[in-house]
Amino acid sequence: MNKKIVEMAEYVCDHICPMPEKIFDPEKLEAYCNDKCNLKLYLSRALTESESTSLGVHQLTQKYRNVVLCTECVHACKLPSGNISCGNIRGIDSTKLGAYDGCSHGKRCTTTQTPENKGCN
């Protein structure tokens, strides 16, 4: 991600920033870039946001790592309607589950055992 931000900064400085057309002296341009330009502030914010997003994704991954999708679960069986029924859930209508539904109570199927090749009991 840092490489992409550096590339973005270079692109902004080389192609978007109007100051090189206004300040011809390289030393004055560098002084402007170091003292007055807000690009460093914006890049710092972008890096902070990127790190925050990465941390958030990691936290979500850890939180939901034990979730098993219904299509991967030994307790699920595919109904003729195309929906999936769960043999593990009690007390709710579990006959309308879709491919992307799941729970933390599931158990992953082996490669030979899938909801498609199991009969509903």
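The values are calculated or read from the model by the stated rules, or taken from the named source; none is laboratory data. Being a predicted model, the structure only gives us computed values, none of them experimental. We place every Cβ from the backbone using ideal geometry, glycine too, and count neighbours over all the protein chains shown. With ligands, DNA and RNA removed, areas are computed over all heavy atoms of the protein, side chains included. Shrake-Rupley method; radii C 1.70, N 1.55, O 1.52, S 1.80 Å.
As an exercise: evaluate D93 against (1) of a type in the set (D, E, K, R); (2) open to solvent by 100 Å² or more (accessible area, probe 1.4 Å); (3) assigned to a loop (DSSP other than H, G, I, E, B) and give the number of the one condition it does not meet.
Condition not satisfied by D93: (2).
Quick one: how many residues across region 3-24 are surrounded by 11 or more Cβ atoms within 10 Å (Cβ to Cβ), closer than 18 Å to A46 by Cα and not hydrophobic (A, V, I, L, M, F, W, C)?
1
Considering only region 31-43, how many residues are more than 17 Å from E7 (Cβ to Cβ) and exposed (fewer than 12 other Cβ atoms within 10 Å of the Cβ)?
Selection size over region 31-43: 5.
Quick check on my filter: what residues within region 47-86 are open to solvent by less than 50 Å² (accessible area, probe 1.4 Å) and more than 23 Å from the chain's Cα centre (by Cα)?
Passing the criteria: C73, V74, A76, C77, L79, G82, I84, S85, C86.
Enumerate the pairs (first residue in region 46-68 and within 30 Å of C109 (Cα to Cα); second residue anywhere and not in a helix (DSSP H, G or I)) with beta-carbon separation below 6 Å, excluding pairs fewer than 6 apart on the same chain, so at least 6 apart or on different chains.
Close Cβ pairs satisfying both conditions: N66/S104; V67/G102; V67/S104; V68/G102; V68/G106; V68/R108.
Does E27 satisfy being surrounded by 10 or more Cβ atoms within 10 Å (Cβ to Cβ) and acidic (D, E)?
Criteria not met by E27.
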